[in-house]
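The structure under discussion appears below in the form of structure tokens.
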Amino acid sequence: RETSSFERVQAICFLDVTVGERLEDISAVLTTASTKAQLAVHLGEVAGMPKLEGDDFEVHVGGTSLKFRSADVDNDGFVAEPELVVASKDWMPPLTQEAAEFAMKGLDLNKDKVLSPNEFEAENMDDFFGSA
């Protein structure tokens, strides 16, 4: 096969499912070689995309909580500080602007000014509070 000039293709697709059994089923289907081959064909039909094969990309499947999805108002897959403040008005207790800034500073591990689902769910809580 001809060597292509691209280094890596990253495609992100958000599925509106919560963590659980259905997510595992979806992951099992999407990560098979035959599904990846079909995805490669469809991605290769997109204007400007190079011809792809199933081993040219990886498929990762993850779920998000209802709280994350409701906070991600613009549906870009991340929660920015203004979204966090607005979403927290429904939480008990709601976050003040100052508390939201503190939460962002502690939870935004890669310092990109938005929270990924993992950061939002505080999966790295030791990093936020400091490990013992």
> So how many residues does region 94-132 have that are in a loop (DSSP other than H, G, I, E, B), modelled with pLDDT under 85 and open to solvent by 100 Å² or more (accessible area, probe 1.4 Å)?
Replying inline: 2
> If the Cβ limit is 6 Å and pairs must be 6+ apart or interchain, which residue in region 65-92 that is within 11 Å of residue 120 (Cα to Cα) pairs with which residue that is among the β-branched types (Val, Ile, Thr)?
Replying inline: 71/79; 72/79; 78/114; 80/114
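The values are calculated or read from the model by the stated rules, or taken from the named source; none is laboratory data. None of these values were measured; they are calculated from a predicted model. Glycine gets a Cβ as well: all are built from the backbone with ideal geometry, and neighbour counts include every protein chain shown. Just so you know, the surface numbers come from the protein's heavy atoms only, side chains and all, with ligands and any DNA or RNA stripped out. Shrake-Rupley method; radii C 1.70, N 1.55, O 1.52, S 1.80 Å.
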